[in-house]
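The structure appears below as structure tokens.
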Amino acid sequence: MRGYLTALSNGKSYADAAKVFGDLTALNREARRYVTSGSFDYRPVTVEVARPNITRTRLLSQGEASLIGETIAFRDDELSLFRKAGARKREESLRLANLDRIRAKVVRFPDDPYGLYLLAESEYSVGNLAQSETAADRLLAQNPSHVRGLARKSLLLSTAASKLTGPARAAKAKEARQLAGKANRLDKDNPMPLLAYYQSFNLAGEKPSPIAIKGLLQVVTMLPRDNNARQLLVDQLARDKRYDEAIAWLLPIANSPHESPRREAARELRVKLEAAKATKAVAT
């Protein structure tokens with residue numbers, strides 16, 4: 001089972017991953033016989049549990065503790081992935097309901113850094129850019145060195161740059177890049193500044209530098225389940241005509257065992273990438 005799950009996470013199809021079980025017909029027959037036998041043999045085993053590698057602990061602030069449920073409910077997949085109007089509307093309503101709860105708790109704990117950060121992220125996830133920036137500015141006014149606050153502010157500036165042209169766009173993108181760089185210097189192990197740095201090129205319509213692309217690769221490596229970042233990497237590799245790499249990074253989404261709008265979009269993109277790869281091979 002571990003081999004099967006590992007194969008799926010590495011992008012194998014269900015059929016290829018299932019080869020670790022051998023003859024599936026025989027396995028199905030044995031499993032059915034076992035389940036319908038009415039009795040099950042077992043033996044107790046000792047499970048060795050490694051000592052947890054906890055380097056430090058801290059108490060949550062009151063605001064942070066009150067937002068545990070809202071943090072769990074937070075989602076930020078692109079709403080455009082929900083192609084059916086009904087599904088998209090339902091997702092929007094869930095996010096807005098969660099956002100209302102976050103807003104109410106931030107009113108109760110107006111100076112809580114985590115609350116302001118989650119508010120900035122949640123406003124951004126539903127497209128409320130001005131409100132997101134207000135929350136980020138409040139956070140940075142309290143703590144100018146808040147790494148994720150700096151990263152969110154940088155991303156907001158990059159989004160603003162995408163709507164400008166000429167020197168104004170370049171200036172806004174430069175400002176975003178400087179904030180991302182500051183955040184990265186404060187915490188080199190945090191992936192969010194690296195993502196913000198990449199987006200300071202990407203959203204502004206500029207060609208990302210090799211360092212920015214390397215940083216994005218590091219983000220996906222550090223956050224393998226962040227499909228938003230993974231999709232950015234896939235799109236960048238596709239633009240660079242590195243189709244084999246793009247497909248490899250896309251496969252874990254396309255072969256996800258969980259049905260989702262993103263999985264369907266990934267499968268469609270894979271077909272396009274395979275076609276582009278074939279066209280490139282013919283041209284070569």
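Readers should treat all values here as calculations from the given coordinates under stated rules, not as data from a laboratory. In this text, all values refer to a predicted model and were calculated from it rather than measured experimentally. So basically every Cβ, Gly included, is an ideal-geometry build from the backbone, and we count neighbours across all protein chains shown.
Laid out as a table, the results:
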{"quantity": "Under 14 Å from the Asn228 label point (7 Å along Cα→beta-carbon), backbone N, region 121-145", "calculated": "121-129, 132-133"}
{"quantity": "Under DSSP loop assignment and at most 12 Cβ neighbours within 10 Å, longest trypsin sites (Lys or Arg not before Pro)-free interval of the chain", "calculated": "85-162"}
{"quantity": "log₁₀ of I(q)/I(0) at q = 0.08, 0.09, 0.12, 0.16 Å⁻¹ - the chain, Debye sum with one point per alpha carbon", "calculated": "-0.47, -0.58, -0.95, -1.37"}
{"quantity": "Scaled radius of gyration (Cα, divided by 2.2 N^0.38 Å) that region 85-143 gives", "calculated": "1.17"}
{"quantity": "Cα-based shape type of region 122-178, given that a ≥ b ≥ c are square roots of the gyration tensor eigenvalues and the cut on a/c is 1.5", "calculated": "oblate"}
{"quantity": "The chain - percent relative contact order, Cα under 8 Å, separation 6 or more", "calculated": "15"}
{"quantity": "Degrees, to the nearest 10: 227-239 long Cα axis against longest axis of the chain", "calculated": "90"}
{"quantity": "Anisotropy class of region 1-87 from Cα gyration tensor, a/c 1.5 cut", "calculated": "oblate"}
{"quantity": "Per DSSP, loop chymotrypsin sites (Phe, Trp or Tyr not before Pro) in region 28-61 with at most 14 further Cβ within 10 Å", "calculated": "Phe40, Tyr42"}
{"quantity": "Folded to 0 to 90 degrees: helix 24-35 orientation relative to the chain principal axis, Cα", "calculated": "80"}
{"quantity": "Counted charge near Glu64, where neighbours are those whose Cβ lies closer than 15 Å (Asp, Glu -1; Lys, Arg +1)", "calculated": "+1"}
{"quantity": "DSSP-loop GluC sites (Glu not before Pro) across region 212-284, with at most 11 other Cβ within 10 angstrom", "calculated": "Glu259"}
{"quantity": "Around Pro208: net Lys/Arg minus Asp/Glu count, Cβ-Cβ under 12 Å", "calculated": "+1"}
{"quantity": "Three-way shape label, region 141-284, alpha-carbon gyration tensor, a/c 1.5", "calculated": "prolate"}
{"quantity": "Cα pair distances in region 1-52, grouped into 10 Å bins until the bin that holds the longest one, percent each", "calculated": "20, 29, 36, 15, 0"}
{"quantity": "Proximal charge balance of Ala238 [Cβ under 12 Å; K/R count +1, D/E count -1]", "calculated": "+2"}
{"quantity": "Cα-based helix-to-principal-axis angle, 85-108 vs the chain, degrees rounded to 10", "calculated": "60"}
{"quantity": "Where GluC sites (Glu not before Pro) fall in DSSP loop in region 30-78, at most 15 other Cβ within 10 Å", "calculated": "Glu48, Glu78"}
{"quantity": "At R0 = 51 Å, FRET efficiency that the Cβ-Cβ distance of Ala276 and Ala97 yields, to 0.05", "calculated": "0.80"}
